[in-house]
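The structure under discussion appears below in the form of structure tokens.
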Amino acid sequence: MAAMSSEPRAAAPFLVACRRGTPAHTPVWFMRQAGRSLPEYRALRADVGMLESCRRPDLVTEITLQPVRRHGVDAAILFSDIVVPVAAAGVDLDIVPGTGPVVAAPVRAAADLDRLRPLAAGDVDFVAEAVRLLVAELGDTPLIGFAGAPFTLASYLVEGGPSRHHARTKALMYGDPALWHALCGRLAQITGEFLRVQVEAGVAAVQLFDSWTGALSEADYRRFVLPHSREVLAGLAAAGVPRIHFGVGTAHLLPAMAEAGADVVGVDWRTPLDAAAAALPADVAVQGNLDPCLLFAPWPVIEAEVRRILAEGARAAGHVFNLGHGVLPETDPDVLTRVVALVHALSGR
């Protein structure tokens, strides 16, 4: 595959940057790079539901490889969904097109925890198989594994689906802290096991998504979220793979997110990378952070923003170029390909 790197995986620019080294060029990949913006993805999934797609190693492999072939990105990210492990652990849910995860019976009381059993490796053996297939296909291009963080998973389970204000989540968190921590403790086990399965099968790094944690104050994050995210990331400390931690609207939480055990902190588009680097410990790299909506602007505007982000990222201990959130479905894939080429050309050493 022409787009794959021929250098040893340990020297892959993505891994070098995550470990705060000096890569041959600034590495670039995109959150949600595998999926809705690609016509080949839409054709492959035309008659296949999301959860079924995530449970079929052949589809997972092909979908994960598509953006690597097309864009020449420096890392692949496993095609999956953050609710896959909780479904495998017994939660009755579906991923509804146009809506997202919908939970049949939301968690509202202690008795509801009985539906959420511990995750065993055998529950997600399809993920391990997909990772092994991908590692063989990708060669020296690193594969990133991922999972949803306990807070974001808990929000889906409590709300019953996506939420703008997380009112039920916060009501449970404040009103019944014991139940909240019991729920998040179970989710930390599920998330940790899901990531361990991926690491043991061969992923080169992991990303923990806490998409909705920006809805909390720093004090609430430290009390209700940090202990559980730290448990997940600490469980991978001996694995030797970089750990990336990402959330949206988290400028005020970046130092606390690093404390959870991140080697790399993802930064959304609202915070300049040099400001994020100044707020983070010196031994933490950054990832980001082009606004996904800027990909719809004229090319000279995009080029100027890429140059700005590269300059700001150079102030950090290490920089992985990415978007500030996921690729939007209407994005022109050719623009993503041009961004990759531009980042490589501007940062090559």
* For region 97-124, enumerate the residues that are touching a residue at least 60 places away in the same chain (Cβ under 8 Å), out of contact with any Leu (no Cβ under 7 Å at 6 or more places or on another chain) and of a type outside the set (Gly, Ala, Ser). => Thr99, Arg108, Leu116, Pro118, Leu119, Val124
* Structure fact -> When Val265 is run through (1) in contact (Cβ under 8 Å) with a residue 24 or more places away in the chain; (2) within 15 Å of the chain's Cα centre (by Cα); (3) closer than 26 Å to Leu328 by Cα, the failure sits at (1)
* To do: Return a yes/no flag: does region 5-23 have any residue that is under 24 Å from Glu330 (Cβ atoms) and touching a residue at least 60 places away in the same chain (Cβ under 8 Å).
  => no
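What do you reckon, is Gly122 of a type in the set (Gly, Ala, Ser), at pLDDT 95 or above and not in a helix (DSSP H, G or I)? Working first, answer last.
Working: of a type in the set (Gly, Ala, Ser): yes; at pLDDT 95 or above: yes; not in a helix (DSSP H, G or I): no.
No.
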* Please work out if Ala154 is within 23 Å of Ala219 (Cβ to Cβ), among the small types (Gly, Ala, Ser) and in contact (Cβ under 8 Å) with a residue 12 or more places away in the chain. => yes
* Given the structure, is Glu62 over 24 Å from Gly288 (Cα atoms), buried (at least 17 other Cβ atoms within 10 Å of the Cβ), within 21 Å of the chain's Cα centre (by Cα) and without any contact (Cβ under 8 Å) to a residue 40 or more places away in the chain? -> yes
* To do: Within region 49-75, work out how many residues are assigned to a loop (DSSP other than H, G, I, E, B) and either modelled with pLDDT of 95 or more or of a type in the set (S, T, N, Q) (or both).
  => 5
* Identify all residues within region 66-83 that are surrounded by fewer than 23 Cβ atoms within 10 Å (Cβ to Cβ) and either aliphatic (A, V, I, L, M) or under 18 Å from Glu159 (Cα atoms) (or both); write none if there are none. => Asp81, Ile82
* To do: Kindly provide the set of residues from region 76-107 that are out of contact with any Cys (no Cβ under 6 Å at 6 or more places or on another chain), in a loop (DSSP other than H, G, I, E, B) and of a type in the set (Asp, Glu), ordered by number.
  => Asp92
* **From Leu93, Leu44, residue being more than 20 Å from the chain's Cα centre (by Cα), on the phi < 0 side of the Ramachandran plot and surrounded by fewer than 18 Cβ atoms within 10 Å (Cβ to Cβ)** => Leu44
* Going by the structure shown, is Ile77 without any contact (Cβ under 8 Å) to a residue 40 or more places away in the chain and either within 17 Å of Glu193 (Cα to Cα) or aliphatic (A, V, I, L, M) (or both)? -> no
* Check whether at least one residue in region 291-311 is in contact with a strand residue (DSSP E or B) (Cβ under 8 Å, 6 or more places away or on another chain), in contact (Cβ under 8 Å) with a residue 60 or more places away in the chain and under 19 Å from Ile144 (Cβ atoms), and report yes or no. => no
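Being modelled with pLDDT under 95 and within 26 Å of Asp210 (Cα to Cα) is the filter; apply it to region 1-36 and report the residue that is surrounded by the fewest Cβ atoms within 10 Å (Cβ to Cβ).
Pass one, region 1-36, residues modelled with pLDDT under 95: 1-11, 34-36.
This time we only want the ones that are within 26 Å of Asp210 (Cα to Cα), so: 34-36.
Working: Ala34: 25, Gly35: 19, Arg36: 14.
Residue satisfying both the conditions and the ranking: Arg36.
The values are calculated or read from the model by the stated rules, or taken from the named source; none is laboratory data. Treat the numbers as computed from the prediction; the structure is a model and nothing was measured. Because the Cβ atoms are built from the backbone with ideal geometry, glycine has one as well, and the counts that use them run over all protein chains shown.
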